[in-house]
Structure formats: structure tokens, C-alpha cells
Amino acid sequence: MRRVDAVIFDLDGLIIDSETPEVMAWTAVYARYGMEFPVASWLQNVGRNDRLWDPLGPFRAPGSPAPPDTVAAIWREQADAAMAGYFTPLPGVVPLLTALRQRGVRTAVASSSRRAWIQKVLARLGLEDQFDAAAAGDEVPRAKPAPDVYLLAARRLGTAPETCVALEDSQNGVRSAKAAGMVCIAVPSPLTRQLDFSEADLVVGSLEEVTPETIAAIGPAKA
């Protein structure tokens, strides 16, 4: 059994499904202007805050059917409306947090999202007291897949990265955790399931499959 001092959770797509409403909103906006939303391109951005692909790109081009600011406002309205139905912890989140805390394992959130969003989500889900620390994308110089946000979470927990296990739903997130020297369990969402998670130490279908025993039984981190 490996030594595990802390378990660090991603947020979007792992604790809460904020990704599906985002895609739903973009799909509706693109359809409004007679276009098909390229989900495969959007997936490049999952887990990052420095978007590799700009969904407003087609609306910045000459001859665009609408100004990008107008499209962004429509998307935000649609995304906020869709998100209202997704503000609930994903299956397995609460039981795992409870089990970890019962065993004295420290927990944190490491997300590419802004700290204000992390705080909003945890407060609305009633999970603020379930985490010992949090690290956000706007608190580090480099976004995932760089290791910065995971290293910051480990520092705030007062633990060595090699004794932390990360839980991630994105390829960029897995790479970030591995670059930080952590063991990483991938929990792909329906949207990210098509990505390559071979760099993860373990891939599961849901957090319902993850227990403190599962985490402790994982071997040393892959190089």
C-alpha cells in the first residue's frame, strides 16, 4: 500500500458537470447561426484556462453573421440557464470525501478555473468544509497541463507532491498532475471519454469506483 497524505480533486467535470452545459450552450449558439459546433476542437480547452481553441473564432472573421461580443453574451445567457440544472455533486463525490476525511486523509481542489468560481461551486454544493485547501488557475503563472496548480495545492496542504493522489477528468489535468510528480486517477466524463488517458495510473468509469483502499493500492507514480 502506498503512502497517501492527500487527495486532490479537479473541479469542473469531476466534482460538478459544468462542461455539458457549456457545450449545450455553444451548440445552440452555433446552430442559431447555421453552424455546427466542433466538440473535438473544444475538447482541447478542457482542463485549461488558456484556451487553445477560440469558440468565438468564426465570429471574429470577416463576414461573420454576428459580432463576437453579441455571440458571447448569448452564450453566457444560455450557459447560465443550462448550468442551473447541473448544480449537484457528481456520483461518488460526497461518499469519497466522507471516507477520506474519516481516515484523516487531507483533501484539496486544484482547478484551472478562477478562485471565485471554485468558491461559488463549493459553497453552493455545501462542500466548503470538506476541503482543506484549494488552488485556482488565476493564482498560478501557468495553466494545466503545467504542474503549477497541483504544486500550489500540495504546498497549501503542507504535503509532498509524491504523497498526493490527483483525481482528473481531462487529459490536460492528468498531464498536470503527472508533471507535479503525483499519482493520478482519471475519471473521464461523457465528453472527455474519447481522449487518451494512457498517462494516468488508473482509469475508472466514475468516482463511485474510487475508495480510500483503491487509492492506497495504486503503485508508484509513472515516470
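A few comments on the model shown:
- Only the Cβ atoms of Lys and Arg (+1) and of Asp and Glu (-1) were treated as charged; on that basis the dipole of the range 162-206 about its Cα centre amounts to roughly 80 debye.
- Across the options Pro95, Ala31, Pro65, the greatest Cα extent toward the positive end of the charge dipole of the chain (unit charges at beta carbon of Lys, Arg, Asp, Glu) belongs to Pro95.
- Using heavy atoms of the protein chains and a probe of 1.4 Å, the accessible area assigned to Val71 is about 0 Å².
- Here the gap between Arg51 and Ala31, fully extended at 0.36 nm per residue and compared with their Cα-Cα distance, gives a gain of 5.0 nm.
- Portion, in percent, of the accessible area of the range 1-64 that falls on carbon or sulfur, probe 1.4 Å: 52 percent
- Centre-to-centre separation between the Cα atoms of the range 39-59 and those of the range 146-223: 22 Å.
- Taking a ≥ b ≥ c as the square roots of the eigenvalues of the Cα gyration tensor, an a/c ratio of 1.5 or more together with a/b larger than b/c marks the chain as prolate.
- Between Thr70 and Arg155, the contour length at 0.36 nm per residue exceeds the alpha carbon distance by 26.5 nm.
- Each of Glu139, Glu208, Glu22 has its accessible area taken with a 1.4 Å probe; listed largest first, they run Glu208, Glu139, Glu22.
- Per residue solvent-accessible surface (Å²) - the chain, probe of 1.4 Å: 45 Å²
- Portion, in percent, of the accessible area of the range 70-223 that falls on carbon or sulfur, probe 1.4 Å: 52 percent
- Taking a Cβ cut-off of under 9 Å around Pro147, the surrounding Lys, Arg, Asp and Glu residues balance to a net charge of +3, with basic ones at +1 and acidic ones at -1.
- Modelled this way, with points 7 Å down the Cα-to-C-beta line, the labels at Ser41 and Glu128 are 4.0 nm from one another.
The values are calculated or read from the model by the stated rules, or taken from the named source; none is laboratory data. This one's a predicted model, so the numbers in the text were calculated from it and none came from an experiment. Glycine also receives a Cβ, built like all others from the backbone with ideal geometry; neighbour counts cover every protein chain displayed. All accessible areas refer to the heavy atoms of the entire protein, side chains included, with ligands and DNA or RNA removed. Shrake-Rupley method; radii C 1.70, N 1.55, O 1.52, S 1.80 Å.
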